[in-house]
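Quick note: the coordinates plus some simple rules give every number you see, no bench work behind them. All values reported here derive from a predicted model rather than from experimental measurement. Note that each Cβ is placed from the backbone with ideal geometry, even for glycine, and that neighbours are counted across all protein chains shown.
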Amino acid sequence: MVGIKKGGGEMRMKNFMEDVIIEVFQEIKGTNPDFCSCDKCSRDVIAIALSKIKGRYAASPEGEIFARVEQSNRQVRADALLAVMEALDTVSASPRHDRES
Ligand SMILES: [Zn+2]
């Protein structure tokens, strides 16, 4: 479902994780009744979840990241799910949308 390109650098790893995060987010956003699914809140959740995930993979040497991501795809999705759930809680508790416009 998610295209993986080999031989990429950090930027592609980031894009890959972003795809996973967005996919997971689409799947579970409806399960949190407190979550306002406006564009701003959705982007916040994705940004927060991505920063959590990124921290976990930052230590991997470049190039090695892809092998690990493919081998442990289930683990990656589990990590993504956890990060998105936490991010949903964070954004639901204090949405930033009403502070702008
Ligand atoms: Zn909102």
Open item on the list: If packing is taken as the average count of other Cβ atoms within 10 Å, what order do 33-40, 21-28, 73-80 fall into, highest mean first?
Closed with: 21-28, 73-80, 33-40
- [ ] Please order MET85, MET17 by the number of other Cβ within 10 Å, starting at the fewest.
- [x] MET85, MET17
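Per 0.36 nm of contour for each residue apart, how much would the distance between ARG96 and ASP34 grow if the chain were fully extended, relative to their Cα-Cα spacing? Numbers along the way, then the final one.
Numbers: separation 62, 0.36 × 62 = 22.32 nm, distance 1.38 nm.
Using 0.36 nm per residue and subtracting the Cα-Cα distance, I get 20.9 nm.
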TODO: Assuming R0 = 22 Å, can you tell me the calculated FRET efficiency for the pair ASP89 and GLU23, based on Cβ-Cβ distance, to the nearest 0.05?
DONE: 0.70
- [ ] Go through segment 76-93 residue by residue and turn each phi into a ³J(HN,Hα) via Karplus (6.51, -1.76, 1.60, θ = phi - 60°); whole Hz please, and just put x for glycine and proline.
- [x] 4, 5, 5, 5, 5, 4, 4, 5, 5, 4, 5, 5, 4, 4, 4, 6, 5, 5
